[in-house]
Amino acid sequence: QNEINEVPFFDVQLPYELALKIFRYLGKAELGRCAQVSRTWKILAEDEVLWYRLCQEEGYLLDMSISDHSCWKLALKNCRARDHMLKTNWKNRVGAVSQLRYEPGRVLCDVHSCDGVVMAGYTSGEVRLWDTRAWDYTAPVLAAVPGPGGAGAPPHVSFVRINSSLAVAAYEDGTVSVWSLLLGREPIHHFQHNQRIQALALAPGGTAVATASGFEVKVESPDDKGFWQTPGTFEIQKLVNFLDLVPDVTGSPVAVAAAEDIVYLLKAEDPGKVLHSVYGQPVTCLDVSAREAAFGVKTFGWLLNEPNQILLYNLETNQCVTKVGNSIGDFSCVNLHNSPPNMLVAGNKDRRVRVFDVRRGGAACSLYAHQLGVSAVQMDEWKVVSGGQEGLVCVWDQRMGTKLWEMHARHPVRHVWFNSHSLITANIPEEKNPRGSSITDDDPSVHRKYRGVIYSYEFSVDQLAVESVLPICRSSYDEVTGYNYNIGLAVPYDSI
């Protein structure tokens with residue numbers, strides 16, 4: 001009997017390929033049981049094709065082919081063990097924390113991050129980058145375009161945005177500079193507005209940049225040869241409060257702008273498209289995904305039958321899909337594009353973080369979070385990270401509705417970003433010229449507590465014990481103070 005080519009299935013003999021197709025309908029536990037039946041079934045149940053398919057179905061190693069691993073069963077086991085370790089570390093706050101502090105004494109103005117790369121702008125006009133994926137990262141300065149005559153102090157940074165290929169900064173004088181993360185520190189594009197810039201947007205996966213200044217929204221993007229052009233300039237009736245670019249758009253860029261109580265869908269072929277407009281109901285927050293736009297609207301006392309809500313619009317049909325939320329307070333932040341499918345998370349001035357299931361139009365959970373209102377939120381399948389005006393960062397177990405842990409800093413939390421193994425938060429001061437700052441510009445003596453701070457958390461410390469150590473623990477022992485605040489650390493002092 002040839003058990004390699006013909007597999008015994010009870011009282012019949014099947015070809016190996018046909019038996020493999022039958023086994024494709026089995027899961028991990030069933031394959032393990034089948035492997036104990038006989039030697040032939042063990043060979044069949046441990047076939048690389050079956051375990052490669054299971055690995056892909058669970059979302060692991062999607063960019064690899066079947067020939068990249070010699071044992072896909074072991075690869076799946078390692079991936080699941082790493083996921084379990086990361087989830088345990090997240091829940092128990094086990095890892096390493098670093099402060100991405102810029103020391104010369106200027107105040108932090110804005111922070112944005114993408115895939116572990118952090119971009120920060122300061123009142124000195126300088127823009128810095130950190131790559132938190134490498135333990136020996138430095139903070140390079142992105143060179144700015146020199147002003148006219150080169151005289152005078154550089155303007156403050158208003159907004160910064162970064163994606164996988166570009167970094168953009170807008171300054172108080174209306175200047176916008178664009179850098180390529182692949183080409184170096186010199187800007188590849190530069191343009192000027194006559195008035196102060198109220199909003200800046202950068203497409204998450206593209207190269208389009210949108211700015212709002214005065215009553216004008218300008219969209220700029222490079223062509224196929226790399227030359228920057230202006231696909232669209234739009235005149236708005238009111239001042240823009242929020243601006244976002246729709247990701248994954250083929251052709252000319254599409255922007256969504258919220259100007260007081262009007263939401264515009266800005267396309268080159270249809271420049272004046274109004275997505276939503278209700279007189280006397282201003283928009284309080286905005287977020288955009290590839291097919292939908294979510295924004296919060298504020299109502300007043302004479303509209304008691306319409307409480308503050310989150311509206312979800314389909315960008316293809318321009319129709320309202322659903323309305324969620326029933327809150328007395330204003331919705332201060334909403335996150336749609338990072339949330340799981342059919343879910344969104346929003347923060348409110350009534351101190352609560354709410355997770356909404358848009359399919360049933362109700363709140364999946366409501367978390368009492370922050371004393372002064374919620375300023376930043378993000379969620380995934382099982383956890384929610386929120387930041388508040390009082391400087392508190394909270395991590396929640398969404399399904400249990402319980403707080404796992406919290407961290408506090410002095411200033412409001414303006415930026416929260418996380419992936420499976422890292423978390424980046426930014427506490428940005430409201431006051432850019434605090435008491436204690438120097439009278440002369442040559443002596444940057446703003447006290448450290450007024451400057452703001454960026455925190456980077458790494459939860460894969462069990463596998464990256466060397467790379468995930470605090471910078472003070474890798475220093476030359478010039479500083480003698482430090483704390484771990486219940487964070488598990490490996491420090492060089494232990495080996496002295």
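The strands (runs of 3 or more DSSP E) found wholly in segment 186-287 include none carrying at least 2 residues that are free of Cβ contacts under 8 Å to residues at least 12 places away in the same chain, open to solvent by 70 Å² or more (accessible area, probe 1.4 Å) and in the same structural domain as H112 (by the TED database). Of everything in segment 348-377 that is among the charged types (D, E, K, R) and over 12 Å from F331 (Cα atoms), the residue that is surrounded by the most Cβ atoms within 10 Å (Cβ to Cβ) is D357. Restricted to segment 175-185, and to residues there that are open to solvent by less than 10 Å² (accessible area, probe 1.4 Å) and not aromatic (F, W, Y), the residue that is nearest to V240 (Cα to Cα) is V176. Residues in segment 89-119 that are within 25 Å of A167 (Cα to Cα), outside any strand (DSSP E or B) and in contact (Cβ under 8 Å) with a residue 24 or more places away in the chain: L100, R101, Y102, P104, G105, R106, V107, D115, G116.
Here is a check on your reading of the model: is S70 under 36 Å from the mean Cα position of the chain (by Cα) and over 30 Å from K383 (Cβ atoms)? When the stated conditions are applied, S70 passes them. Considering L26, L62, L31, the condition of being at pLDDT below 90 and under 41 Å from the mean Cα position of the chain (by Cα) is satisfied by L62 alone. If the condition is being out of contact with any Phe, Trp or Tyr (no Cβ under 8 Å at 6 or more places or on another chain) and not aliphatic (A, V, I, L, M), then segment 359-379 contributes R359, R360, G361, C365, S366, Y368, H370, Q371, G373, S375.
For segment 383-392, the set of residues classified as surrounded by fewer than 23 Cβ atoms within 10 Å (Cβ to Cβ) and touching a Phe, Trp or Tyr at 6+ places or on another chain (Cβ under 9 Å) consists of K383 only. Among the residues of segment 45-69, not one is open to solvent by 90 Å² or more (accessible area, probe 1.4 Å) and within 23 Å of V7 (Cβ to Cβ). Restricting the first member to segment 26-44 and to residues that are crowded, with 16+ Cβ neighbours inside 10 Å, and the second to residues that are assigned to a loop (DSSP other than H, G, I, E, B), the beta-carbon pairs closer than 7 Å and six or more apart or on different chains are C34/L26; A35/E46; T40/E3; W41/A35. All of (1) of a type in the set (S, T, Y); (2) under 38 Å from the mean Cα position of the chain (by Cα); (3) assigned to a helix (DSSP H, G or I) hold for T40 with one exception: (2).
This table checks each residue for (1) part of a strand (DSSP E or B); (2) without any contact (Cβ under 8 Å) to a residue 24 or more places away in the chain; (3) among the small types (G, A, S).
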residue: M400; (1), (2), (3): no, yes, no
residue: K403; (1), (2), (3): yes, no, no
residue: E406; (1), (2), (3): yes, yes, no
residue: R414; (1), (2), (3): yes, no, no
residue: S420; (1), (2), (3): no, no, yes
residue: T425; (1), (2), (3): yes, no, no
residue: K432; (1), (2), (3): no, no, no
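In summary, V12 fulfils each of the numbered conditions (1) surrounded by 12 or more Cβ atoms within 10 Å (Cβ to Cβ); (2) farther than 30 Å from R82 by Cα with the single exception of condition (1). Could you look through segment 351-379, keep only residues that are touching a strand residue (DSSP E or B) at 6+ places or on another chain (Cβ under 8 Å) and not in a strand (DSSP E or B), and pick out the one that is farthest from S113 (Cα to Cα)? If we take residues in segment 351-379 being touching a strand residue (DSSP E or B) at 6+ places or on another chain (Cβ under 8 Å) and not in a strand (DSSP E or B), then G361 is farthest from S113 (Cα to Cα).
Surrounded by 12 or more Cβ atoms within 10 Å (Cβ to Cβ) and small (G, A, S), is that true of A75? Considered against the rule, which asks whether it is surrounded by 12 or more Cβ atoms within 10 Å (Cβ to Cβ) and small (G, A, S), A75 comes out as yes.
The values are calculated or read from the model by the stated rules, or taken from the named source; none is laboratory data. What you see is a predicted model; the values in this text were computed from it and never measured. Here Cβ is always computed from backbone atoms with ideal geometry, including for glycine, and neighbour counts include all displayed protein chains. SASA here: full protein model, heavy atoms, side chains in, ligands and nucleic acids out. Shrake-Rupley method; radii C 1.70, N 1.55, O 1.52, S 1.80 Å.
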